[in-house]
1. If you scan region B:54-75, which residues turn out to be outside any strand (DSSP E or B) and either within 22 Å of residue B:19 (Cα to Cα) or at the interface with chain A (Cβ under 9 Å from one of its Cβ atoms) (or both)?
2. Looking only at residues in region A:223-238 that are touching a helix residue (DSSP H, G or I) at 6+ places or on another chain (Cβ under 6 Å) and at pLDDT below 90, which one is nearest to residue B:147 (Cα to Cα)?
3. So is residue B:210 out of contact with any helix residue (DSSP H, G or I) (no Cβ under 7 Å at 6 or more places or on another chain), outside the structural domain of residue B:305 (by TED's automatic domain parsing), over 13 Å from residue B:330 (Cβ atoms) and touching a residue at least 40 places away in the same chain (Cβ under 8 Å) or not?
4. Residue under question is residue A:217, and the condition is that it be farther than 30 Å from residue A:85 by Cα, part of a helix (DSSP H, G or I) and either over 19 Å from the mean Cα position of the chain (by Cα) or modelled with pLDDT of 85 or more (or both); does it hold?
5. Looking only at residues in region B:137-167 that are farther than 14 Å from residue B:121 by Cβ and part of a helix (DSSP H, G or I), which one is farthest from the other protein chains (Cβ to nearest Cβ)?
6. Could you please find all residues in region B:213-230 being part of a helix (DSSP H, G or I), touching a helix residue (DSSP H, G or I) at 6+ places or on another chain (Cβ under 9 Å) and buried (at least 19 other Cβ atoms within 10 Å of the Cβ)?
7. So is residue B:128 surrounded by fewer than 23 Cβ atoms within 10 Å (Cβ to Cβ) and over 28 Å from residue B:38 (Cα atoms) or not?
8. Can you tell me how many residues within region B:245-268 are farther than 22 Å from residue B:309 by Cα, crowded, with 17+ Cβ neighbours inside 10 Å and over 26 Å from the mean Cα position of the chain (by Cα)?
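The values are calculated or read from the model by the stated rules, or taken from the named source; none is laboratory data. Everything numeric in this text was worked out from a predicted model, so none of it was measured. Neighbour counts run over all protein chains shown; Cβ positions are idealised from the backbone, glycine included.
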């Protein structure tokens, strides 16, 4: 009796490999693992190998390992310029983004007519491919046809074309030459970096603002503090974790970006005034074919990105724990 | 301390009139409870008094001064929120000190006042903790301390006990009432819990549909409810309502008792009570069933104290008695309280 009963149930359901969570786990992790290994791991290891070798496009054999490449890269003033630009562009643009994102988010969480439309326009840059958005800026900052210059001319800040004896207030010229003068070119690069990071940061800060309970806001009102104290002592501390996330994303995107510089200035005006690590590595490693120097240049991003990654992991862990 | 007065207070949210002409006067040091179901406008009324919401119409006076256009901080009110709304990133000390800092007091002064408030609510040992390290009861005390510390003219309490578990709530109710007496601060307390309202309020305003249905002492509301809404909102279980001709008879569950134990009734009204279910609750028994000897057959509840050990079983009909002086009368159409109506029950049905 007993045996027939057992065999009956066995016939009714035979466990297959689909019920084995170990096999399923491995199967489902394989795509991600393959992706990470092939597209992140392998290039990363190769970058390190290249950086400590003398490979070029003409001589790609990994046969000699040396630290000379690093010496050469470090002594190159163009590299030094690119490295300091990287920090300058990132710090200035992200500082501006944090301030502006807070202001924008505060405004956009209020109720007003046409809020939807304003939100849409502010978020639009984020939906635009960076390269296309930057080409738009390239036209806006054109040396001859810039609409910004046109506006300045009509406001009397620049000289009108063909008008004699007039003195421009901003510049004694008919055009600003945004991308032609070192200072203005750097300003333009930073401006575009701000423009492209602002939407995402604003959305993140808005999410943070709406997560603060309305009761807390009411309590602040009843407790009778002014808006500055409210912002400094209540809003900002409660926003801090999420601001950190916005900042870290901003740092990663700006620090590793080459599109903006490449499209706007190609690193110019000469000599490589607006060059950044990514664009310099591309010019050196791909365009000039010096793979080892390109790889060594790129590796200088690693410490910063590693630091950011560690902070991110800590934030993620903390929010998991609490 | 101050008298709070609202005159014709109204609040419109879009098409909805949340508050529809509320006139209240809260006496100096009085504990007034706004009682009503959720969405009745009681919290909106409180928020308008606090200054968190602007009235659509009507005036608010605090200590004789019209405060309609004053921001909350200028009204000298303190509010305790249902969620307590403690600042999660601040220590208990800083939470309590926060309203004082806004007043630009000296550090010593602030410390002295925080310690006084903390001592009052027995949370002196928690001052360095963060809110998330506190229990619900402790958080509630911190919220109260933060409200007290500025020595406001008026306390506004928005369901401050509803996040506590039942056991703690009874204790907190008693404590809260004691603190209020001790401080003598005019207090407006919003709740949907009639037990809290009856237990704590000097007076209770029953609110429904944005209007005050009845305002009076807990005893008045219970003994002589102004309409059927008040009658059925108070008491647990609430008043039984039986329709008869053009009026509605009301009597509390504890006022309908077996004839054997209700012999001292002045003017007994006998009812045939067909019991369908018996609930034993320890201190009392709830009998659910139908009376049909007066008016229309109606489901009612009788609450019998445990002192009465009479054997009562579901499925049987018993002779129950209500003292006529315990009856409330309401108009069938307006649902308003009316003068007692003389009537006789149907003697034919009783012996069935």
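1. From region B:54-75, those outside any strand (DSSP E or B) are B:54-56, B:63-64, B:67-75; that's our starting set.
Result: B:54, B:55, B:56, B:67, B:68, B:69, B:70, B:71, B:72, B:73, B:74, B:75.
2. A:223
3. Judged against the criteria, residue B:210 is a match.
4. yes
5. B:167
6. B:218, B:221, B:230
7. Answer is yes for this residue.
8. 1
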